[in-house]
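The structure under discussion appears below in the form of structure tokens.
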Amino acid sequence: MIVADRKPIEEIIEQVKDCKKVLVLGCNECVTVCEAGGKKEVGVLASALRMYYANKGVDNRVDEITLERQCDHEYLEEIREKADQYDAIISIACGVGVQFTAEKYHAIPVFPGVNTCFLGVTEKRGLWTERCQACGQCILAYTGGICPVSRCAKRLLNGPCGGSSKGKCEISKDTDCAWQLIIDRLKAINRMDLYEKLFSIKDWSKDRAGGPRKVIREDVMI
Amino acid sequence: MRLNYPASVKIIRVPCTGKVDVIHMLRAFEKGADGVYIVGCKEGECHYKKGNYRARKRVEQAQKILNTIGVGGDRVQMYNLSSSDAPLFVKYANEMNERIMGLGPNPVKLKKKKAA
Ligand code: SF4
Ligand code: SF4
């Protein structure tokens, strides 16, 4: 999933302090799971904003809506009838949701309420860690299912650097060396032959280096 | 042991303090409460293991939010006691009551009243 973290409320207030009608817009998917932008967080932010405005003595309205997703037309259309009445929307979906909301509601300012961090997993409640950087040409088949693009600090594709020590990365002793993990796993699945194999240069044009990307699937287009 | 505690304290019973979320505390202030305190079991003695630790973290979050929006984080507090310790319960109630009396009414409530 896409992992996000809550923005400090003061940063959000700075954006909307002069607004009169604000909509806090949550998302039921990734950001709900990482407890940054779901219905519950919508409630907390909206409540805090309502009290902030009341305390300033300004008459204001802060509404709360949480959509199934903010990255699909059909769900974002659900606020079509209501959107016009707001002079700001705070989207607490990931950056994708914030942008799609802004695209759709062109004349209404849309502000991000979270910092979108990475594609990752819930290791345990309250701990999310990165697993993928959407490089566009997945090499997990050769690396024992462990991604050196996202998990090696230097994005090395041919084994560890000299800084790997006792299974940890030289950037921090809390960070596993991705290549240690890869080798451990290749051994476990008896595929150390993959470590010896030479691969051609990775096509980084499929990554961000090639500019904004698209996936086009004519077979599923309507 | 029929001990008295301040009549301003309204008790809301929850199965475990771990049930109390930030939003519950904020809503209480939105609805005009002057202070909120959570009384959990002693640390390390939670029946559900971590409920009271979670409550403490959430109280801290609520304090931060209330400070940011100018309501004042001092209006929320976490207390721990053993469930049979009535004198301590009363002591905490008095302590919180005094603190809130010192801080005065919830500013949001005052402003809303003025506006109405
Ligand atoms: S808007 Fe973002 S957080 Fe919500 S479902 Fe889409 S990708 Fe996930
Ligand atoms: S190799 Fe690329 S696509 Fe595969 S997990 Fe790593 S970053 Fe993601």
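The values are calculated or read from the model by the stated rules, or taken from the named source; none is laboratory data. Values in this document were obtained by computation on a predicted structure and should not be read as measured data. Note that we place each Cβ from the backbone using ideal geometry, even for glycine, and neighbour counts take in every protein chain shown. Protein only, heavy atoms only, side chains kept; ligands, DNA and RNA dropped before computing areas. Shrake-Rupley method; radii C 1.70, N 1.55, O 1.52, S 1.80 Å.
To put it simply, the accessible area of segment A:61-198 at a 1.4 Å probe is 51 percent carbon and sulfur. The order of the peptides A:122-135, A:191-204, A:10-23 by mean Cβ neighbours within 10 Å, most packed first, is A:10-23, A:122-135, A:191-204. The shape of the protein assembly as shown can be summarised by an equivalent ellipsoid whose semi-axes, obtained from the alpha carbon gyration tensor, come to 46, 30, 15 Å from longest to shortest.
For chain B, the direction-averaged projected area of the alpha-carbon convex hull comes to 7.4 nm². The accessible-area loss of segment B:76-112 on complex formation, taken against its chain alone with a 1.4 Å probe, reaches 40 Å² or more at B:VAL108, B:LYS111. Put a plus charge on the Cβ of each Lys and Arg, a minus charge on the Cβ of each Asp and Glu, and nothing anywhere else: the dipole of segment A:133-201 about its Cα centre is then about 60 debye. Only the Cβ atoms of Lys and Arg (+1) and of Asp and Glu (-1) were treated as charged; on that basis the dipole of segment A:33-142 about its Cα centre amounts to roughly 400 debye. Ordering A:VAL98, A:ILE108, A:SER205 by the projection of their Cα atoms onto the charge dipole of segment A:84-222, which places +1 on the Cβ of Lys and Arg and -1 on the Cβ of Asp and Glu, puts A:SER205 at the extreme positive end. For a modelled paramagnetic label at A:GLN133, 7 Å from Cα along Cα-to-Cβ, the residues of segment A:164-196 in reach, with backbone nitrogen under 15 Å, are A:171, A:178-179. The residues packed around A:GLU68, meaning those with a beta-carbon under 14 Å from its beta-carbon, carry a net charge of -3 if Lys and Arg are +1 and Asp and Glu are -1.
Per residue, the protein assembly as shown exposes 59 Å² of accessible surface when a 1.4 Å probe is rolled over the protein heavy atoms with every protein chain present.
For segment A:6-149, a Kirkwood radius taken over Cα pairs fed into Stokes-Einstein (25 °C, viscosity 0.890 mPa s) yields D = 151 µm²/s. Neighbouring Cβ atoms from other chains, within 10 Å of the Cβ of residues in A:34-45, number 2 on average. Remark: accessible area buried at the B-A interface is about 1400 Å², both chains counted, probe radius 1.4 Å. Placing unit charges on each Cβ (+1 for Lys and Arg, -1 for Asp and Glu) gives the protein assembly as shown a dipole about its Cα centre, and among A:GLY136, A:ILE189, B:MET78 the Cα reaching farthest toward its positive end belongs to B:MET78.
For A:ALA4, the residues whose modelled amide H falls within less than 5 Å of its own, excluding neighbours fewer than 5 places apart on the same chain, are A:CYS117. Have a look at B:ALA86, B:ALA33, B:ALA55 and tell me which one the Gaussian network model of chain B (Cα, springs below 10 Å) gives the largest fluctuation. Top of the fluctuation ranking is B:ALA86. Only helices enter the 222 nm calculation for chain B: every DSSP H run of n ≥ 4 contributes -39,500 (n - 2.57), and dividing by all residues gives -15000 deg cm²/dmol, rounded to 500. With helices as the sole contributors, chain A gives -8000 deg cm²/dmol at 222 nm; each DSSP H run of n ≥ 4 counts as -39500 (n - 2.57), and the sum is divided by every residue.
Hey, any idea what % of segment B:17-103's accessible area is carbon plus sulfur with a 1.4 Å probe? The nonpolar share, carbon plus sulfur, comes to 49 percent.
Shielding value for A:49-61 is 5, the average number of Cβ atoms from other chains within 10 Å of each residue's Cβ. Shielding of peptide A:1-9 by partners, expressed as the average count of other chain Cβ atoms within 10 Å per residue Cβ, is 1. In terms of the mean number of neighbouring beta-carbon atoms within 10 Å, the peptides A:35-44, A:95-104 order highest first as A:35-44, A:95-104. Basic side chains Lys and Arg get +1 at the Cβ, acidic Asp and Glu get -1 at the Cβ, and with that the dipole of the protein assembly as shown about its Cα centre reaches some 960 debye. Qualifying chymotrypsin sites (Phe, Trp or Tyr not before Pro) in segment B:1-72, where qualification requires a DSSP coil assignment and no more than 16 other C-beta atoms within 10 Å, comprise B:TYR48.
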